[in-house]
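First up is the structure itself, then whatever we jot down about it.
The values are calculated or read from the model by the stated rules, or taken from the named source; none is laboratory data. Bear in mind that the values here come from a model prediction, so they are computed numbers and not experimental data. Cβ coordinates were reconstructed from backbone atoms using ideal geometry, including for glycine residues, and neighbour counts include every protein chain displayed. What goes into the accessible areas is simple: the full protein's heavy atoms, side chains included, and nothing from ligands, DNA or RNA. Shrake-Rupley method; radii C 1.70, N 1.55, O 1.52, S 1.80 Å.
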Amino acid sequence: MSLSADSGHPIQLYLAQPRGFCAGVVRAIEIVERALEKYGPPVYVRHEIVHNKYVVESLKNKGAIFVEDLSEVPPLAVTVFSAHGVARSVEKEATERGLPVLNATCPLVTKVHNQGKLYVSRGRTVILIGHAGHPEVEGTMGQVPGPVILVQSVEDVTALTLTRDTPVAYITQTTLSVDDTKHIIVALRAKFTDIQGPDIRDICYATQNRQSAVRDLSKLVDVILVVGAANSSNSNRLREIGTEAGVASYLIADGSELNPDWLRDARAVGITAGASAPEVLVDDVIEALRRIRPVTVSVLPGREENIEFRLPAELAAS
Ligand code: SF4
């Protein structure tokens, strides 16, 4: 595939607002950067700090080393837990090994952990709505000190064998589609007589805002490009929402993945970016578009975000 200039009609490009980095991702990246400044390289990071190759490669170049298992971390090396959170067994292993840990778990993920712990302490069986195998889900399941049942769909709810009067409570992965989650919660509420759960609005603010913005975008455009990594949960949800709205939607890591065939009949194109995708990659996609057609760019009005999360105390003053 080559991106050749095309004399076809110009493209009106709309940028979703908000898009890209959320406060949890900004904080997680800053933790690694400040740790590198304060302690010097290498700093070990368990799992990709956020799901974006560009971000990970940039931090690698500054001296971060990414591992999947703490056994790969040498004794006493500074270790960062990723934004997705970790199970208690991982925290325990780090403590037993005396590793100096900086926890970059997003505070909104920690909030879900705390909700789960509270429900278990009240004698409820916890049902986690999320995607199997996602590190946030593994972390949450490993943080709640009691049985946690994972459901991924309404069908999974139908298949649950708990009795109707079992005291249950649900919690949710932070980056799901609000709509999908709503259907699963409705099914859970219909199935169980004694059920508690947080308000649907408790799904993270960044997830909600980016999903609302892509819905607004879908009313204006013929094609939606979601900038984000293939393993980024929230980016995949954005692409799904575009598709559900009837707009051809594609998830791309950067401009090199743009396929000119997608734009053949398009007059209006929308771009958004997942919460872990930096703006430099959005710019890269815009440049790739410009190599195909003349482009006029408009930024849609959207919700303003002013949320910032505090850094760990040991890094805040550095
Ligand atoms: S998407 Fe939400 S939960 Fe995830 S890191 Fe960002 S702010 Fe935190």
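Centre-to-centre, using Cα atoms only, segment 154-187 and segment 1-78 are separated by 32 Å.
Taking a straight line from the alpha carbon of Lys62, these lysines sit under 21 Å away, with near neighbours fewer than eight places off in the same chain left out: Lys38, Lys53. Counting only Cβ charges, +1 for Lys and Arg and -1 for Asp and Glu, the dipole size of the chain around its Cα centre is about 600 debye. Here Lys60 is the anchor, and the aspartates and glutamates within straight C-alpha reach of less than 18 Å, apart from those fewer than 8 places off in the same chain, are Glu30, Glu33, Glu37, Glu48, Glu68, Asp69, Glu72.
Can you compute the modelled spin-label distance between Lys117 and Glu30, with each label point 7 Å from Cα toward Cβ, in nm? Taking the two extended label points, one gets 2.4 nm. Taking a ≥ b ≥ c as the square roots of the eigenvalues of the alpha carbon gyration tensor, the chain is oblate, as a/c is not under 1.5 and a/b does not beat b/c. Probing with 1.4 Å while keeping every protein chain in the model, the per residue accessible area of the chain equals 45 Å². Taking the Cβ-Cβ separation of Thr158 and Glu37 as r and a Förster radius of 51 Å, what is the calculated FRET efficiency to the nearest 0.05? Step by step, r from the Cβ atoms, then E = 0.50.
Here the accessible area is traced with a 1.4 Å probe on the protein chains. For segment 108-200, carbon and sulfur cover 56 percent of it.
With both labels modelled 7 Å from their Cα along Cα-to-Cβ, the Glu279 to Glu57 distance reads 2.1 nm. Element breakdown for segment 261-318 at a 1.4 angstrom probe: carbon and sulfur atoms account for 47% of the accessible area.
Kindly identify segment 1-114 as rounded, prolate or oblate by the Cα gyration tensor criterion: order the square roots of the eigenvalues as a ≥ b ≥ c, call it rounded if a/c is under 1.5, otherwise compare a/b with b/c, prolate if a/b is larger, else oblate. Could the numbers behind the result be given before it?
Working: a/c = 2.86, a/b = 1.97, b/c = 1.45.
Since a/c reaches 1.5 and a/b is larger than b/c, the shape of segment 1-114 is classed as prolate.
When nucleic acids and ligands are ignored and a 1.4 Å probe is applied, Lys38 ends up with an accessible area of around 100 Å². Between Glu308 and Glu257, the modelled labels are 3.2 nm apart [label points 7 Å from Cα along Cα→Cβ]. Taking packing as the residue-averaged number of other Cβ atoms within 10 angstrom, the listed peptides 68-80, 263-275 run from highest to lowest as 263-275, 68-80.
Here the calculated FRET efficiency for Arg264 and Lys219, from their Cβ-Cβ distance with R0 = 25 Å, stands at 0.70, rounded to the nearest 0.05. With a Förster radius of 25 Å applied to the beta-carbon distance between Thr110 and Glu287, the computed FRET efficiency rounds to 0.10. Based on DSSP H segments of at least four residues, each scored -39500 (n - 2.57), the chain has a per-residue ellipticity at 222 nm of -11500 deg cm²/dmol.
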